[in-house]
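Take a look at the structure set out below.
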Amino acid sequence: MNDVDAPIKLDDVLKRGGARCPGAPTTQEIIADDTVPAPAWVRSESYEFLGDEDISTDRYTDPAFAKREFDTLWTKTWQFACREEHIPEVGDYHVYDLGRYSFIITRVGEDDIRAYYNACLHRGTKLRASGTEGSACEFKCSFHGWTWNLDGTHKSSTCDWDFPHVDSEKFSLPQARVATLGGFVFINMDPEAPSLEDYLGPEALSHIKAWKLENRYITLHVSKRLPANWKLTMEAFMEAYHVIDTHPQVAPSNGDANSQYDFYGDHVDRFISTLGVVSPHLYGEISEQDIVDQFTLGDSSAMGDTKIKLEDGEKARGAVAKIFRNMFEQAANADLSHVSDSELLDCFSYTVFPNTFLFPGISLPMVYRFRPDPTDHRKSLYEVFFLRPVPREGERPEPAEPIHLGDDQSFTEAEGMDPGFGQILDQDTDNLRLQQEGIEASAKKSITLGNYQEIRVRHFENAVDKYVAG
Ligand code: FES
Ligand SMILES: [Fe+2]
């Protein structure tokens with residue numbers, strides 16, 4: 001008998017990532033019961049076993065590894081630099097910094113956005129300070145006054161009689177590549193890199209386009225330095241496996257152990273974590289009414305103190321979907337009758353490699369961006385943007401100004417942050433500090449991953465390896 005005819009053993013399937021949370025419905029089964037059905041991008045799965053070997057921890061602890069990433073990974077990947085709404089008018093610019101790299105992202109024409117390397121071609125001074133934005137008709141260097149036009153061509157050099165060797169034609173500002181998608185401006189330093197579309201691949205691209213994130217705007221933007229390597233920090237948000245121990249307060253209404261995990265090509269992965277259902281860890285302890293109460297009672301609940309009583313046999317998820325639909329329709333002044341229960345309720349988290357998370361769901365409409373700390377590989381810069389739908393009437397609102405929290409501040413101190421969500425981020429932050437320190441204290445020197453629930457971590461690290469290995 002050749003291999004093709006050999007019976008497939010159940011044990012082998014389970015060992016190769018085929019096992020799922022026993023006794024619990026899958027995410028797809030939960031969603032299939034919803035009143036307003038989910039679109040195709042929700043109702044699909046894309047998981048494969050990627051091995052079960054340990055991953056060595058030098059990638060989180062070795063400054064040389066961080067340096068290799070700066071040289072080989074960050075220079076070749078598409079990164080979210082800003083939103084189009086940061087630079088709505090011709091001449092608007094926004095400085096995006098990544099370690100020692102810095103770019104002036106500027107709108108040169110209505111549909112023409114450029115990313116200039118932020119360094120003077122005379123003696124190298126930054127043309128605009130890091131972290132700044134504004135409007136300009138030209139970029140003049142503060143040191144000796146050399147000037148470039150908005151389109152990047154060289155305009156003038158002070159005392160140009162002393163620079164007969166400078167050919168103005170050849171002194172345009174060097175550019176990184178720019179692509180826009182869903183209102184995001186992405187840049188890539190590598191002229192040979194695939195297009196953003198090819199980088200994402202057709203399936204992930206179709207998902208992202210379906211969300212129409214260009215119709216959202218930033219209502220809250222909070223940043224904070226976190227006490228762990230940027231990859232550890234990202235990985236803390238890639239699975240719902242930690243919910244029961246780290247965020248037990250949400251487990252009564254979150255399908256954590258039966259969340260779904262997918263990946264698409266090398267650069268995109270996701271989870272779908274259902275809300276309005278109880279964690280399988282708490283089966284038998286939490287009633288359907290308890291789940292509804294989680295949303296409708298308490299200080300940080302979605303509905304304040306309104307009490308909703310379930311009918312006999314009524315499921316919490318359907319009731320919570322109705323609550324959310326009403327609440328968001330009123331808040332956004334929008335008709336959401338066509339939006340599926342799943343899009344309203346569930347946590348969808350997509351990673352766009354290397355450093356962006358997109359959460360297109362309505363209840364948690366966020367974007368995360370992670371960057372390595374420029375000088376300390378044991379720290380990272382984390383940002384959360386809340387993206388709400390642009391109101392149907394009136395002018396498009398301006399994006400919220402960033403709120404920068406100090407290292408020791410709680411996320412709950414950011415004005416406009418939901419206290420319950422701020423608490424979740426604080427819990428993650430506490431873990432990250434312990435994890436970075438523990439990894440450095442460890443004799444094992446490797447991490448061990450679950451085959452299914454931690455597939456995004458493995459998928460992400462595989463991509464890191466691919467770039468770092470060149
Ligand atoms: S360094 Fe910019 S003009 Fe001299
Ligand atoms: Fe968490």
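Under 20 Å of direct C-alpha separation, and excluding same-chain neighbours fewer than eight residues apart, Lys315 reaches these lysines: Lys307. Among the cysteines of the chain, those with no neighbouring cysteine Cβ under 4.7 Å are Cys21, Cys82, Cys137, Cys159, Cys347. Sequence-distant contacts, meaning Cα pairs under 8 Å at least 6 residues apart, place the relative contact order of the chain at 22 percent. In segment 207-270, a dipole from Cβ-located charges (positive for Lys and Arg, negative for Asp and Glu) runs towards its positive end, and of Ser223, Ala210, Pro248 it is Ser223 whose Cα lies farthest in that direction.
Coupling constants for segment 364-380 follow from the phi torsions by the Karplus curve (6.51 cos²θ - 1.76 cosθ + 1.60, θ = phi - 60°), and in residue order they are 10, x, 10, 9, 10, 10, 10, 9, x, 4, x, 10, 9, 5, 8, 9, 9 Hz; glycine and proline get x. Legend: Rg and Dmax of segment 79-192, from Cα coordinates, 13.9, 47 Å. Spacing of the modelled spin labels on Thr246 and Ala443, each 7 Å from Cα toward Cβ, amounts to 2.7 nm. Taking a ≥ b ≥ c as the square roots of the eigenvalues of the alpha-carbon gyration tensor, segment 244-350 is classed oblate because a/c is 1.5 or more while a/b is no larger than b/c. In loop segments of segment 374-470 as defined by DSSP, the trypsin sites (Lys or Arg not before Pro) with at most 15 further C-beta atoms inside 10 Å of their C-beta are Arg392, Lys444, Lys445.
When Cys141, Cys21 are sorted by how many other C-beta atoms sit within 10 angstrom of their C-beta, beginning with the fewest, the order is Cys21, Cys141. With both labels modelled 7 Å from their Cα along Cα-to-Cβ, the Asp33 to Asp312 distance reads 1.9 nm.
Of the residues Gly18, Ser340, Ile104, the one whose Cα sits farthest toward the positive end of the charge dipole of the chain, with +1 on the Cβ of Lys and Arg and -1 on the Cβ of Asp and Glu, is Ile104. Summarising the label geometry, the points placed 7 Å from Cα in the beta-carbon direction at His404 and Gln289 lie 5.1 nm from one another. Using Cβ point charges alone (K and R +1, D and E -1), the dipole size of the chain about the Cα centre works out to roughly 980 debye. Distances between placed amide hydrogens fall under 5 Å for Arg388 paired with Tyr217, Thr219, all partners being 5 or more residues away or on another chain. Expressed as a fraction of 2.2 N^0.38 Å, the C-alpha radius of gyration for the chain is 1.06. In segment 1-154, a dipole from Cβ-located charges (positive for Lys and Arg, negative for Asp and Glu) runs towards its positive end, and of Trp148, Val95, Ser46 it is Trp148 whose Cα lies farthest in that direction.
Read-outs throughout are calculated quantities, based only on the coordinates presented, and are distinct from any laboratory measurement. Keep in mind that what you see is a predicted model, and the values were worked out from it rather than measured. Methodologically, a virtual Cβ is constructed for each residue, glycine included, from the backbone with ideal geometry; neighbour enumeration extends over all protein chains shown.
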